[in-house]
1. Within segment 312-370, which residues are open to solvent by 30 Å² or more (accessible area, probe 1.4 Å), over 19 Å from residue 302 (Cβ atoms) and not in a loop (DSSP other than H, G, I, E, B)?
2. Restricting segment 142-198 to residues that are of a type in the set (S, T, N, Q) and closer than 20 Å to residue 278 by Cβ, which is modelled with the lowest pLDDT?
3. Based on this model, can you work out whether residue 306 counts as among the acidic types (Asp, Glu) and either under 26 Å from the mean Cα position of the chain (by Cα) or surrounded by 12 or more Cβ atoms within 10 Å (Cβ to Cβ) (or both)?
4. Evaluate the following for residue 242: is it in contact (Cβ under 8 Å) with a residue 60 or more places away in the chain, within 16 Å of residue 78 (Cβ to Cβ), of a type in the set (A, V, I, L, M, F, W, C) and loosely packed, with under 14 Cβ neighbours inside 10 Å?
5. Being in contact with a helix residue (DSSP H, G or I) (Cβ under 8 Å, 6 or more places away or on another chain), in contact (Cβ under 8 Å) with a residue 60 or more places away in the chain and surrounded by fewer than 21 Cβ atoms within 10 Å (Cβ to Cβ) is the requirement here; does residue 122 meet it?
6. I'm checking my understanding of the structure. Among residues of segment 56-93 that are among the polar types (S, T, N, Q) and within 21 Å of the chain's Cα centre (by Cα), which one is least open to solvent (accessible area, probe 1.4 Å)?
7. Restricted to segment 260-288, and to residues that are touching a residue at least 12 places away in the same chain (Cβ under 8 Å) and under 22 Å from residue 7 (Cβ atoms), which residue is surrounded by the most Cβ atoms within 10 Å (Cβ to Cβ)?
Amino acid sequence: MSISFYEAEIYYEKQNLVSLLANLSCKFFGQNDFALRAPFLLIHFFNSILIYKISKTMLKRKLDRLISVSLYMFLPGVMASAILVNLAGVIIFFTLLAVYFSETRNNIALIITLLVTTAIDKSFVVLYVGAFLYGIYRKNKILSTISFLCFVSALLFYDFDIQGKPKGFFIDTIGVYSAVFSPFLFLFFIYVMYRIWIKERKNLLWFVCISAFCIASLLSLRQRVELDEFLPYAVVSVPLLVRVFFNSYRIRLPRFRIKHTFLVVVVMLFLLINSSFVVFNQILYPLFFKNEPQKHFIYNYDIAKELAQKLKEKQIYSVKAVDSRLGLRLKFYGIKASPNLYMSRIRPQNAKFSIKIYKFDTLVDKFYVF
């Protein structure tokens with residue numbers, strides 16, 4: 001994977017925790033793709049440990065806990081957050097940390113975690129809403145008060161965009177949720193959230209998950225929602241999904257478990273297919289995007305590194321890309337902007353040569369240097 005424009009913008013122009021982590025990693029390990037993504041892979045590793053720790057408080061059997069961790073790690077949305085320069089992994093980490101402290105009755109650590117997140121990003125407002133509702137539910141005045149104060153401080157210090165002409169994006173939101181979970185697992189997520197609401201014990205994890213989904217759904221009725229601020233709170237629901245499923249599965253005699261077994265097979269099959277698309281994304285170019293490679297979901301995270309290598313092979317280390325977004329991406333690979341040499345996808349009359357990018361014998365992109 002190449003650095004995308006969104007990631008390059010974070011790396012060069014943003015001043016936040018994600019940018020700090022990426023820059024520090026590249027400073028110590030060199031400016032390359034592995035160093036760029038290493039901090040987020042490390043965070044993903046710690047998140048997986050926290051999922052296991054939290055599952056230990058909800059699931060009695062070790063096998064169930066291992067299934068919970070495996071399911072979490074193979075969610076398409078989680079796999080993407082683990083290898084992209086983004087805030088999702090950080091949101092998941094602090095959310096899981098808060099849930100773990102809540103499950104282990106460490107209220108002081110829970111409150112400290114909430115306070116720390118106020119200095120990181122506005123996206124934690126969902127965590128504050130969930131913690132506030134949980135505090136009311138448990139009659140914990142200290143937790144509900146601190147959560148409310150964190151919520152108010154986030155509204156005061158961060159910019160929340162609720163302007164613009166109302167327009168519905170509810171279907172888009174549901175579609176993205178389905179892609180992050182896989183369709184059938186997302187339907188089971190909705191079922192579990194509803195079942196716990198009316199029947200089962202509620203904990204902080206459930207309040208955070210249901211708050212994120214309800215807020216995102218309601219906002220999407222009038223505006224386009226920045227779903228990367230809400231999706232991390234949904235994928236952490238895996239321990240709840242596993243708990244509800246096995247509670248329903250094991251109370252039945254073996255001969256009455258056929259429907260549940262079939263459900264597991266279907267869900268895991270679609271999850272495997274979705275995850276395979278993420279892992280083996282390059283092979284999709286000749287299979288589905290041969291004529292329109294730019295419609296491939298990985299295209300925005302592709303091309304730049306190969307293009308930079310081909311430019312260096314021609315002893316070109318500075319060129320002005322007509323597409324400024326591409327220019328920022330090439331900067332990461334050592335290709336600086338030039339006032340004398342230009343590059344474009346559209347062929348000019350004075351083109352000196354062209355550069356073609358192939359993936360599995362499929363022409364993905366073509367550039368002209370002039």
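The values are calculated or read from the model by the stated rules, or taken from the named source; none is laboratory data. Treat the numbers as computed from the prediction; the structure is a model and nothing was measured. Neighbour counts are summed over all protein chains in view; Cβ atoms, including those assigned to glycine, are modelled from backbone coordinates with ideal geometry. Heavy atoms of the whole protein, side chains included, go into the accessibility calculation; ligands, DNA and RNA do not. Shrake-Rupley method; radii C 1.70, N 1.55, O 1.52, S 1.80 Å.
1. Answer for segment 312-370, where residues must be open to solvent by 30 Å² or more (accessible area, probe 1.4 Å), over 19 Å from residue 302 (Cβ atoms) and not in a loop (DSSP other than H, G, I, E, B): 318, 320, 336, 342, 353.
2. Looking at the filtered set, the residue picked out is 182.
3. Judged against the criteria, residue 306 is a match.
4. On the way: in contact (Cβ under 8 Å) with a residue 60 or more places away in the chain: yes; within 16 Å of residue 78 (Cβ to Cβ): yes; of a type in the set (A, V, I, L, M, F, W, C): yes; loosely packed, with under 14 Cβ neighbours inside 10 Å: no.
In short, no.
5. In short, yes.
6. Checked segment 56-93; the qualifying residue least open to solvent (accessible area, probe 1.4 Å) is 68.
7. 285
Every residue, every condition in (1) part of a loop (DSSP other than H, G, I, E, B); (2) closer than 14 Å to residue 43 by Cβ; (3) not small (Gly, Ala, Ser), yes or no:
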position	(1), (2), (3)
70	no, no, no
92	no, yes, yes
97	no, yes, yes
110	no, no, yes
125	no, no, yes
136	no, no, yes
150	no, no, yes
